[in-house]
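Here is the structure we will look at.
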Amino acid sequence: MRTKSIKKNKINVVTLGCSKNIYDSEVLMGQLKANGKEVAHETEGDVVVINTCGFIDNAKEESVNTILDYVQQKENGDVEKVFVTGCLSERYKPDLQKEIPDVDQYFGTTELPALLKALGADYKHELIGERMTTTPKNYAFLKIAEGCDRPCSFCAIPLMRGGHKSTPIEDLVQEATKLAAQGVKELILIAQDLTYYGLDLYKKRNLAELLKALVKVEGIEWIRLHYAFPTGFPEDVLEVIREEPKVCNYIDIPLQHISDHLLKSMRRGTTHKKTTDLLSKFRKEVPEMAIRTTLIVGYPGETETDFQELKDWVQEMRFERLGCFTYSHEENTHAYNLEDNVPEEVKIQRANEIMEIQSQISWELNQQKIGETFRCVIDRKEGGYFVGRTEFDSPDVDNEVLIDAKTHYLKTGEFANIKITDAGDFDLYGEPIEAEVSSSSSPESFTKIM
Ligand code: SF4
């Protein structure tokens with residue numbers, strides 16, 4: 001029984017989870033397009049490929065519900081085939097095959113050629129670095145490595161993505177050049193652990209070398225670093241961030257916690273003192289840099305004292321950007337052997353308290369920006385505003401700059417200098433001023449125009 005006409009032979013790719021999954025979906029769509037297939041991203045099609053996330057409980061639940069939705073649509077005759085790939089499929093394939101047998105086929109995270117075959121396409125090696133980007137035209141993710149060699153006790157990612165594998169610098173420069181030719185101005189560098197880059201391939205941490213190669217790519221104006229790791233942090237990267245105007249004064253470095261016995265149990269290879277010393281070095285070496293971090297509360301054994309230590313530290317460190325997760329008890333991880341003894345409501349309460357502290361810090365930091373002018377990229381127009389970002393803000397996770405679209409006109413995808421007129425807990429409000437600063441000017445004028 002078919003309820004409505006659907007686009008025949010159109011493959012609809014649905015992406016769940018993180019930026020690395022978005023990247024993988026874009027690679028899949030690039031391959032399908034090169035095989036002459038009609039491809040859509042999260043719109044419609046009679047063949048659906050769901051790229052799932054298997055990271056933590058909420059994400060797993062969302063993935064299972066999405067699979068069930070499409071299986072129901074198949075039963076209703078609204079789609080013909082449903083394929084599932086990505087981390088949840090990699091981690092739980094046998095269970096999923098038993099629990100949801102109406103899926104046509106399940107694929108792991110390293111089975112792109114087999115998935116393409118099932119979709120009537122061939123894997124094309126020559127397409128390395130080519131993909132169908134799904135992000136707004138002005139920015140794109142650049143995945144510089146896959147997998148992770150770190151032993152973090154709470155994390156299931158190595159189970160789903162395997163060991164760390166860096167992509168050669170020349171391939172990444174080629175990919176960045178192709179993206180720039182498509183109009184991409186901002187590259188967001190991603191990996192499971194960005195700072196491990198090169199250890200496998202070049203036998204040394206080589207992120208700084210990679211950055212020096214990428215800043216030479218014509219057309220790229222901003223390069224942003226996500227998912228750095230504290231232990232063994234390659235400090236030569238700080239000089240590149242400070243000296244290279246194209247490398248944003250921004251770093252995302254998930255730190256998870258600060259209590260020594262929890263950091264030990266989490267197998268993070270660092271301590272309260274080492275972490276704080278590293279952050280002081282960031283502040284000293286690159287004073288302009290915005291630091292984003294992510295924390296986990298409610299990890300097994302987290303006491304009120306541990307939590308108080310974390311709160312005091314967040315107050316003291318005054319991160320520009322911060323996110324907080326509640327601990328998720330993930331089977332087959334090292335921490336799964338521990339008792340998940342912090343009640344769910346306490347986990348949620350603690351996460352709320354951390355974000356309460358952070359919104360106050362963010363508000364105070366934002367007040368200092370009123371009257372200053374920042375070079376912003378305008379991502380979109382939404383709800384009567386042009387929505388932009390400074391170099392201190394990554395898409396979807398950080399603050400935004402709102403410009404009244406009734407009184408001002410700005411081109412989306414372009415840069416504009418915005419004078420900040422007001423500030424909330426997270427977002428800024430501003431108006432454009434004439435002069436557009438060219439990318440060759442000095443870092444100081446790059447960010448702030450007095
Ligand atoms: S660095 Fe740790 S938390 Fe991050 S992906 Fe690797 S194991 Fe997981």
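In region 286-300, is there at least one residue being in contact (Cβ under 8 Å) with a residue 24 or more places away in the chain, farther than 24 Å from CYS155 by Cα and surrounded by fewer than 16 Cβ atoms within 10 Å (Cβ to Cβ)? No, region 286-300 contains no residue that is in contact (Cβ under 8 Å) with a residue 24 or more places away in the chain, farther than 24 Å from CYS155 by Cα and surrounded by fewer than 16 Cβ atoms within 10 Å (Cβ to Cβ). Going by the structure shown, is PRO94 open to solvent by 80 Å² or more (accessible area, probe 1.4 Å) and at pLDDT 95 or above? Yes.
Looking at THR195, is it touching a Ser or Thr at 6+ places or on another chain (Cβ under 9 Å) and either farther than 30 Å from HIS257 by Cβ or within 11 Å of the ligand (Cβ to nearest atom) (or both)? For THR195, the condition - touching a Ser or Thr at 6+ places or on another chain (Cβ under 9 Å) and either farther than 30 Å from HIS257 by Cβ or within 11 Å of the ligand (Cβ to nearest atom) (or both) - is met.
Has region 305-320 got at least one residue that is more than 18 Å from ASP260 (Cα to Cα) and touching a Cys at 6+ places or on another chain (Cβ under 9 Å)? Checking region 305-320: not a single residue is more than 18 Å from ASP260 (Cα to Cα) and touching a Cys at 6+ places or on another chain (Cβ under 9 Å).
All of (1) within 16 Å of the ligand (Cβ to nearest atom); (2) under 17 Å from GLU339 (Cβ atoms) hold for ARG268 with one exception: (2).
Within region 12-54, take every residue that is acidic (Asp, Glu) and in a helix (DSSP H, G or I) and give me the one that is farthest from GLU90 (Cα to Cα). Of everything passing the filter in region 12-54, GLU26 is farthest from GLU90 (Cα to Cα).
Restrict the check to region 321-333 and report whether at least one residue is closer than 26 Å to ASP149 by Cα, open to solvent by less than 30 Å² (accessible area, probe 1.4 Å), within 16 Å of the ligand (Cβ to nearest atom) and among the polar types (S, T, N, Q). There is at least one residue in region 321-333 that is closer than 26 Å to ASP149 by Cα, open to solvent by less than 30 Å² (accessible area, probe 1.4 Å), within 16 Å of the ligand (Cβ to nearest atom) and among the polar types (S, T, N, Q).
One residue stands out among those in region 145-161 that are near the ligand (Cβ under 8 Å from one of its atoms) and assigned to a helix (DSSP H, G or I): the one that is surrounded by the fewest Cβ atoms within 10 Å (Cβ to Cβ), which is PRO158. Of the residues in region 381-401, not one is loosely packed, with under 15 Cβ neighbours inside 10 Å and of a type in the set (Phe, Trp, Tyr).
Going through region 100-138 one residue at a time, which ones are part of a helix (DSSP H, G or I), open to solvent by 50 Å² or more (accessible area, probe 1.4 Å), at pLDDT 95 or above and closer than 24 Å to HIS164 by Cα? Break it down into steps so the answer makes sense when it comes.
Quick first cut of region 100-138, residues part of a helix (DSSP H, G or I) only: 112-118, 125-127.
Narrowing the set further to residues that are open to solvent by 50 Å² or more (accessible area, probe 1.4 Å) leaves 113, 117, 125-126.
Next, only the ones that are at pLDDT 95 or above stay: 113, 117.
Residue satisfying the conditions is PRO113 alone.
Taking every residue in region 375-404 that is under 18 Å from GLY323 (Cβ atoms) and pairing it with any residue that is open to solvent by less than 10 Å² (accessible area, probe 1.4 Å) and of a type in the set (Asp, Glu), at least 6 positions away or on another chain, the pairs with Cβ-Cβ distances below 7 Å are SER394/ASP252; ASN399/ASP393; GLU400/ASP393. Going by what's in this entry, would ASN58 be described as assigned to a helix (DSSP H, G or I), of a type outside the set (Ser, Thr, Tyr), open to solvent by 30 Å² or more (accessible area, probe 1.4 Å) and modelled with pLDDT under 95? Judged against the criteria, ASN58 is a match.
Mind telling me which of the residues HIS164, HIS125 ends up being away from the ligand (no atom under 16 Å from the Cβ) and farther than 23 Å from GLU42 by Cα? Reasoning before the result, please.
Values: HIS164 fails: away from the ligand (no atom under 16 Å from the Cβ).
Residue meeting the stated conditions: HIS125.
For a quick check of your reading: which strands (runs of 3 or more DSSP E) sit entirely within region 176-282 and have at least 1 residues that are open to solvent by less than 40 Å² (accessible area, probe 1.4 Å), in contact with a Gly (Cβ under 6 Å, 6 or more places away or on another chain) and modelled with pLDDT of 95 or more?
Values: elements: 186-190, 222-225, 247-252.
No strands (runs of 3 or more DSSP E) qualify here.
Quick check: anything in region 250-259 of a type in the set (Phe, Trp, Tyr), in contact with a Phe, Trp or Tyr (Cβ under 6 Å, 6 or more places away or on another chain) and away from the ligand (no atom under 16 Å from the Cβ)? Within region 250-259, one or more residues are of a type in the set (Phe, Trp, Tyr), in contact with a Phe, Trp or Tyr (Cβ under 6 Å, 6 or more places away or on another chain) and away from the ligand (no atom under 16 Å from the Cβ). Here LYS81 passes the criteria (1) open to solvent by 80 Å² or more (accessible area, probe 1.4 Å); (2) of a type in the set (Lys, Arg); (3) under 29 Å from the mean Cα position of the chain (by Cα) except the one numbered (3). Only one entry in ASP122, ASP104 is touching a Phe, Trp or Tyr at 6+ places or on another chain (Cβ under 8 Å) and of a type in the set (Asp, Glu), namely ASP104.
The values are calculated or read from the model by the stated rules, or taken from the named source; none is laboratory data. Remember, it's a predicted structure, so these values are computed and weren't measured experimentally. Cβ sites come from the backbone with ideal geometry, for glycine too, and all protein chains shown count toward neighbours. When the accessible area is computed, the model is the full protein with side chains, heavy atoms only, and any ligands, DNA or RNA have been set aside. Shrake-Rupley method; radii C 1.70, N 1.55, O 1.52, S 1.80 Å.
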